Amino acid sequence: ADPDDDLPATVAEAATSGQIIAHFQPQLCCNSGRITGFEALARWQHPTRGLLAPASFMPGMSEADHSALTLRILRQALAALKHWDQAGHDVPTVSLNISNCALADPGFAASLLWELDRQEVSPSRLVLEVLESVGPISSSSAARRNLARLSAAGCLLDLDDFGTGYASLDAIRQFGVHRIKIDRSFVMGCDCDPAQQRMILAILALAERLGIDTLAEGVETREEHSFLAQIGCDQVQGYVIARPMPLEETLAFLQDQE
Ligand code: G
Ligand code: G
Ligand code: MN
Ligand code: NA
């Protein structure tokens, strides 16, 4: 028999059998030096191939897979919040990546809100990271309704990979974006490259005008971190703070921070 016969055929099956797990990467406030939240990042703990990153299993996913995966990650993210609360850590938010595919599912907002309600977690502790290309996707009425409903319920909206898309201003105008995540490609080398600095300064000025928080992602060096803090970027996320880690490791990390 094929040794692969017993393996899950789809990501949805893997999710159901508990093989899709969330890792968590911290986000740090530059002013206070405190952790403001964690981003949940999906990993497939594959029985034979080891720990797989999304790039190796997300591309072929069906719409049903997207919904199953998001719900699975949401449940783990809410469990993580409770875990941190119970340990006495003040971690205000947890962030989920929301694919355009999931957003196009008409029942998406309802199932998220139902889960929050069931677990008695305030929607204001959940950040939804949508890609900047949410502009074009919002021409789908289902996506627009989902975003409007989640936002009205109090969920926070982050624009992920900011600067790499082209519909950001439209999305900001339509959906009340809470924070922009400045894409890693702008952050790389920003402590010494004047071209990078001009871009970041322009993005910060735009965000300030619009009253939106800023987070720089992919911050890898102390020099980048202190430059970003100095020019007024609100928050940072990246290897210089910590790599994405399993839930068990977040407690020791939080303890070290305090
Ligand atoms: O470490 P990293 O390999 O985790 O993530 C790679 C990409 O996969 C990123 O663009 C990230 O936004 C995306 N990603 C990670 N987790 C999820 C998830 O749960 N849902 C969706 N839709 N995308 C995710
Ligand atoms: O698209 P999104 O921003 O959700 O993807 C986040 C991705 O960036 C994840 O794959 C995560 O593991 C990765 N990541 C997080 N911090 C860093 C970093 O400091 N450097 C690099 N190269 N990647 C990072
Ligand atoms: Mn993200
Ligand atoms: Na991003």
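The values are calculated or read from the model by the stated rules, or taken from the named source; none is laboratory data. Quick caveat: nothing in here was measured; it's all calculated off a predicted structure. Don't worry about glycine lacking a Cβ; one is built from the backbone with ideal geometry, like all the others, and counts go over all protein chains shown.
Here Q174 meets the list (1) closer than 18 Å to S32 by Cα; (2) in contact (Cβ under 8 Å) with a residue 12 or more places away in the chain almost entirely, failing just condition (1).
Does I21 satisfy the condition of being within 22 Å of T214 (Cα to Cα) and among the β-branched types (V, I, T)? In short, no.
The residue list L150, L215, L157 contains one member that is within 30 Å of L113 (Cβ to Cβ), crowded, with 18+ Cβ neighbours inside 10 Å and touching a Phe, Trp or Tyr at 6+ places or on another chain (Cβ under 7 Å), which is L157. Selection over the stretch 75-128 of residues that are aliphatic (A, V, I, L, M) and over 17 Å from R149 (Cα atoms) gives a count of 8. Within the stretch 18-55, the set of residues being under 21 Å from A79 (Cβ atoms) and surrounded by fewer than 13 Cβ atoms within 10 Å (Cβ to Cβ) comprises G18, L51.
Being out of contact with any Ser or Thr (no Cβ under 6 Å at 6 or more places or on another chain), away from ligand 3 (no atom under 15 Å from the Cβ) and under 24 Å from L247 (Cα atoms) is a condition met by at least one residue of the stretch 123-145. Answer with yes or no whether A15 is within 15 Å of ligand 2 (Cβ to nearest atom), surrounded by 20 or more Cβ atoms within 10 Å (Cβ to Cβ) and part of a helix (DSSP H, G or I). So A15 does not fit the description; no. In the set D193, D234, only one residue is at pLDDT 95 or above, more than 16 Å from ligand 1 (Cβ to nearest atom), buried (at least 19 other Cβ atoms within 10 Å of the Cβ) and not hydrophobic (A, V, I, L, M, F, W, C); that residue is D234. Going through the stretch 183-224 one residue at a time, which ones are assigned to a helix (DSSP H, G or I), closer than 19 Å to I241 by Cα and touching a residue at least 40 places away in the same chain (Cβ under 8 Å)? Selection gives R184, V187.
Would you mind stating whether D158 is within 14 Å of ligand 3 (Cβ to nearest atom), closer than 24 Å to H225 by Cβ, touching a residue at least 12 places away in the same chain (Cβ under 8 Å) and not in a helix (DSSP H, G or I)? The answer is yes for D158.
Residue-wise test of (1) surrounded by 14 or more Cβ atoms within 10 Å (Cβ to Cβ); (2) of a type in the set (A, V, I, L, M); (3) in a loop (DSSP other than H, G, I, E, B).
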{"residue": "G165", "(1), (2), (3)": "yes, no, yes"}
{"residue": "K181", "(1), (2), (3)": "yes, no, no"}
{"residue": "A242", "(1), (2), (3)": "yes, yes, yes"}
{"residue": "T250", "(1), (2), (3)": "yes, no, no"}
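Do we have E132 as within 16 Å of ligand 4 (Cβ to nearest atom), surrounded by 15 or more Cβ atoms within 10 Å (Cβ to Cβ), of a type outside the set (F, W, Y) and in contact (Cβ under 8 Å) with a residue 12 or more places away in the chain here? Taking the combined requirement at face value, the residue satisfies it. Would it be correct to say that A40 is within 16 Å of ligand 4 (Cβ to nearest atom), under 15 Å from T250 (Cβ atoms) and in contact with a helix residue (DSSP H, G or I) (Cβ under 7 Å, 6 or more places away or on another chain)? Considered against the rule, which asks whether it is within 16 Å of ligand 4 (Cβ to nearest atom), under 15 Å from T250 (Cβ atoms) and in contact with a helix residue (DSSP H, G or I) (Cβ under 7 Å, 6 or more places away or on another chain), A40 comes out as yes.
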